[in-house]
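What follows is a short report on a single structure.
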Amino acid sequence: MTSENHFDKFKIDKLEVFYGDFRAIKNVKMTIRSNAITSIIGPSGCGKSTFLRAFNRMNDLIPNTVTNGQVIKDDVDIQKLDVVELRKCVGMIFQRPNPFPKSIFDNVAYGPRAHGLKSQAQLEEIVERSLRQAVLWEEVKDVLQRSALSLSGGQQQRLCIARALAVEPDVLLMDEPASALDPIASLKIEELLQELKRAFTIIIVTHNMQQAARASDFTAFFNMDEDRAGYLVEYDETIKVFTNPEKRLTEDYISGRFG
Amino acid sequence: MEAQSYISLAKTKKNQKQNQTGQTLGYILVWACGFAAIATVFWIIGYVLSQGFQVINYEFLFTRPAGGVSGEGGISTTIVSTVYLVVLTLVIVTPLGVGAAIYLVEYAGDATKESKLVAFLVQAARTGVEVLAGVPSIVFGLFGFSLFVLYLKFGFSLLSASLSGAALVLPTIIRTSEEALLTVPRAYREGSLSLGATRWHTIYSVVLPTALPGIVTGIVLSVGRIIAETAIFWVTLGGSFYLPQSIMHSGRSLALHVYMLASETRAFDKAMGTAAILIMTIVILNLGINLLSRRLTARVSGK
């Protein structure tokens, strides 16, 4: 995990997110390494998803949300970036596959088109490349004009990954991407993540502890404080967190004593 | 324990028999109501059609009304006027109504949280829409007559009529479009925004296409309303049976023609003939909507 092509992709400092008066997460300070998979685990309601949505400022969409502190991506505070530019670089995969009710082709071409690409030849190239990256090309190459909703759940989720890849991000945020899928489809996604981490920085929220242990390089454990605000308990290499955690709380959680 | 005793009670033969009698009675009652309702509908349609078809022929369809108390002539210009009226009204009301619905669903939510004044205005707009939906059409007619016909000096014209008609169906379009937009899953919006699409691009390329079947249903309902209304157009469209040469000319829609024939002439048979054409138009329109909205829904849901 210490080869030279890893660097600090994100630096998070004193991050707090409020929904109105309710503080969802407080005082998070950590760094996210590039070209690695960082998983975020913790009990329900501990602010994992809120934390994830801070990276592409999806929290801004919810009225009355206030974000304090800093998320610095490649030495730039993301609050100072144009939100459209930020989201181009930071793709997101949701818990439930959410392909648009359009053809498979149009789904993948959606992002590039939204950013003004018109050339059909280039679009075809991007669609094929993205679908190959998401290991879906072989299954759909003959039915690109068919509705995306005709695909199975696992295929839909890989389509959503292809759709995110089509805008050439460098970071992928995943909010429990496999929790709505059957075990085989879920495993396929995990294998895909191992491929993708060569080129992307991946942050994944998961409920599934085996998945975190199996698939991720770093693990952050969040918990809910007495005031119901989420906070970071422990953050280290995955193997350390799962075999020799520093905090008692982490050990209790990963051994299934609460959560 | 109690649930069990109910079951054992129901199992006794006497009870079973009572249940069955109840079932049969209920079945007969519901069946009779359904039959009566459907029979009435078919009777009305059948009566109008059978009466109407006695006067419908090539000449009736393709000559204009001649006026006078005898009700001579056909209905050609009223068909054309109806088409003009519907098209012009839709051109005015669709962008207005759908645009208002987009504002209410996609933007108003945020705005209301930022300003109390906006919140109040939006609530007032919603209430206004609700109230307008229940106002009789003649009230819109009087409004159109005083504003468009007299004050703005549009006279009895297609323009005055279309503007008044637009006001009449605006609440329908806003409400159906609003409901259609609300059924679009939030996941679509988030998916689009997370790809770096702008808010407007998201609305235009994902939200609107997904809501289209619902929006189209609202538009077609409005078309039916415009075709069927008389009072509002009586005071705004005038009643000229000549072919309108421009949107500033008066005209006569089919429904208005039926009303005028029935109330001012002896040609009751021709009123029936016109009514038959009107009914057929509405039937065809309804079949058309069903087909269209089924197609659109199929396209959106990917079957």
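Couple of notes before you dig in:
- A count restricted to the stretch B:106-149 and to residues that are within 14 Å of chain A (Cβ to nearest Cβ), under 22 Å from B:T172 (Cβ atoms) and either modelled with pLDDT of 90 or more or exposed (fewer than 14 other Cβ atoms within 10 Å of the Cβ) (or both) stands at 0.
- Going through (1) touching a residue at least 40 places away in the same chain (Cβ under 8 Å); (2) closer than 15 Å to A:P97 by Cβ one by one, A:E195 falls short only on (2).
- From the list A:F94, A:F18, A:F10, the lone residue that is more than 18 Å from the chain's Cα centre (by Cα), crowded, with 17+ Cβ neighbours inside 10 Å and touching a residue at least 24 places away in the same chain (Cβ under 8 Å) is A:F18.
- Of all the residues in the stretch A:61-80, those that are in contact with a strand residue (DSSP E or B) (Cβ under 8 Å, 6 or more places away or on another chain) and not in a strand (DSSP E or B) number 5.
- The strands (runs of 3 or more DSSP E) falling completely within the stretch A:164-259 that include 1 or more residues that are over 18 Å from A:F94 (Cα atoms) and aliphatic (A, V, I, L, M) map to A:218-224, A:230-237.
- Scan of the stretch A:32-54 for residues that are touching a Lys or Arg at 6+ places or on another chain (Cβ under 8 Å) and not charged (D, E, K, R), ordered by number: A:I32, A:S34, A:N35, A:A36, A:I37, A:I40, A:I41, A:G42, A:G45
- Of all the listed residues (B:G288, B:G218, B:G273), the sole one being surrounded by fewer than 16 Cβ atoms within 10 Å (Cβ to Cβ), in a helix (DSSP H, G or I) and not basic (K, R) is B:G288.
- Any chance A:P43 is touching a Phe, Trp or Tyr at 6+ places or on another chain (Cβ under 9 Å), more than 13 Å from chain B (Cβ to nearest Cβ) and assigned to a loop (DSSP other than H, G, I, E, B): yes
- Flag for B:V93 being within 15 Å of the chain's Cα centre (by Cα) and at negative phi: yes
- Residue list for the stretch A:48-60, filter: assigned to a helix (DSSP H, G or I) and either within 14 Å of chain B (Cβ to nearest Cβ) or of a type outside the set (K, R) (or both): A:S49, A:T50, A:F51, A:L52, A:R53, A:A54, A:M58, A:N59, A:D60
- If the condition is being within 11 Å of chain B (Cβ to nearest Cβ) and surrounded by 15 or more Cβ atoms within 10 Å (Cβ to Cβ), then the stretch A:61-76 contributes A:L61, A:T65.
- Filter pass, A:P112 being touching a strand residue (DSSP E or B) at 6+ places or on another chain (Cβ under 9 Å) and either under 24 Å from A:R198 (Cβ atoms) or in contact (Cβ under 8 Å) with a residue 40 or more places away in the chain (or both): no
- Each residue in the stretch A:90-107 was checked for being under 24 Å from A:E176 (Cβ atoms), more than 8 Å from chain B (Cβ to nearest Cβ) and hydrophobic (A, V, I, L, M, F, W, C), and 3 of them qualify.
- In the stretch A:108-125, the residues that are in a helix (DSSP H, G or I) and either surrounded by 22 or more Cβ atoms within 10 Å (Cβ to Cβ) or within 10 Å of chain B (Cβ to nearest Cβ) (or both): A:V108, A:A109, A:Y110, A:G111, A:P112, A:R113, A:A114
- The condition (being within 24 Å of B:S160 (Cα to Cα) and either outside the structural domain of B:P65 (by TED's automatic domain parsing) or not in a loop (DSSP other than H, G, I, E, B) (or both)) is satisfied by just one residue among B:S263, B:S246: B:S263.
- Selected residue [more than 14 Å from chain A (Cβ to nearest Cβ) and either buried (at least 22 other Cβ atoms within 10 Å of the Cβ) or over 30 Å from A:R163 (Cα atoms) (or both)] from B:V206, B:V169: B:V169
The values are calculated or read from the model by the stated rules, or taken from the named source; none is laboratory data. As the structure is a prediction and not an experimental result, all values here were calculated from the model. So basically every Cβ, Gly included, is an ideal-geometry build from the backbone, and we count neighbours across all protein chains shown.
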